[in-house]
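Only the coordinates and a few stated rules stand behind these numbers; no lab work does. Small disclaimer: the values here were computed from a predicted structure and weren't measured. With ideal geometry, Cβ positions are generated from the backbone for all residues, glycine too; neighbour counts draw on all protein chains shown.
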Amino acid sequence: MGAVAAAGAEDGTGAAGVRQVDVVVIGAGQAGLSAAHHLRRVGFEPERDFVVLDHAPRPGGAWQFRWPSLTYGKVHGMHALPGMELTGADPARPSSEVIGAYFDAYEKRFDLRVRRPVEVRQVREGDGGRLLVETSAGVWAARALINATGTWDRPFWPRYPGQETFRGRQLHTAQYPGPEAFAGQRVVVVGGGASGTQHLMEIAPYAAATTWVTRRPPVFREGPFDENRGRAAVAMVEERVRQGLAPLSVVSVTALPVNDAIREARANGVLDRLPMFDRITPTGVAWDDGREIEADVILWATGFRAAIDHLAPLKLREPGGGIRLEGTRAALDPRVHLVGYGPSASTIGANRAGRAAVRDIQRLLNQGAPVAA
């Protein structure tokens, strides 16, 4: 633990150097900044009443780690943070730079005073109905917690027989360096989402060969993603969360939007999909029907899982593997809110969830925080 102020200091530090605040926000991506903004709007003061902790080295949330070829013009549905529009962005500029600069300006404009880099190690039960947030920068005791840690820190790597024997290179979307790194190589891309198709279309002009494999046949969608489709997708994810199942992302239950680039890639064979292989060999991938494809690289565009291991001491997980929510509130502990989780894991959903969490926390603190069940 880092050094903390002496007990009884003016910064709200309590016994044994534990800082006392009403709310701790973990994560400064879209959802965390939205929550911090709404805390300020209803009268909470940063550092005195709430603190925002972020493990990243600089502003930008997960966006700061995206590959350079993901330009702002390729981003699907980036929704502005509450109270400040993102205007005049160059669509040819990397999204990591555009959104990183936007988040930085947002933090400064609303004086959110994000502490970084701070690693949250665990959240556990404290004294007097407070939650102890133990971090690399000390300990905070909070009456309520807004968890906005997203998924970027937990890339999902499927396991297949023979995977450890592969003599080529395996990497995940989280490590994707851009298409030039695959020049002259035979690349297998695994995954039927937007990242997988984007990787394929970028890599194909550079690679010696590309192969696309997915567990299920991809579904392509013509026309706009209207409000009704959006509500239906969110409802599917919400139902899983209500049942305490591990959440799917909203993106995972929507079809792939068809644009001119997708049409061209389908016409020229880049997006010809094969079913999932059965095993990995030292030189590639193989199916039980005898088909084999040699590869230099396997790129896993297989998504991410919620980064919530630090909440394990609170025992919030249900038998289904997820945390059951009522709105944004954990059903097993009304002090804990998850934003950017499940149905709010989209940019517009994260904004709404931040506002909803703050309203609920206001009610909770006004009536006195109950001890967790």
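Here are a few things to note about the model shown:
- Size descriptor, Kirkwood hydrodynamic radius, that averages inverse alpha-carbon separations across the chain, Å: 22.1 Å
- Potential lengthening between ARG169 and GLU85 on full extension [0.36 nm per residue; Cα-Cα distance subtracted]: 26.2 nm
- Per-bin percent of Cα-Cα distances, region 252-343 [5 Å]: 2, 9, 14, 13, 10, 11, 11, 12, 10, 6, 1
- Placing unit charges on the Cβ atoms only, positive for Lys and Arg and negative for Asp and Glu, gives the chain a dipole magnitude near 540 debye about its Cα centre.
- Ordering LEU332, LEU256, PRO319 by Cα displacement along the dipole of region 246-361 toward the positive end leaves LEU332 in first place; charges were set at the Cβ atoms of Lys, Arg (+1) and Asp, Glu (-1).
- Assigned charges on the beta-carbon of Lys, Arg, Asp, Glu; region 254-373 dipole about Cα centre (debye): 980 debye
- Rg over Rh for region 110-164 works out to 1.17, both radii taken from alpha-carbon positions and Rh defined as the Kirkwood radius.
- Cα principal axis extents for region 57-115, largest first, Å: 31, 24, 15
- The Rg/Rh ratio for region 26-82, using Cα coordinates for both the radius of gyration and the Kirkwood hydrodynamic radius, is 1.05.
- Cα-based helix-to-principal-axis angle, 194-203 vs the chain, degrees rounded to 10: 50 degrees
- Per the Kirkwood formula applied to alpha carbons, region 28-186 shows a radius of gyration over Rh ratio, Rg over Rh, of 1.05.
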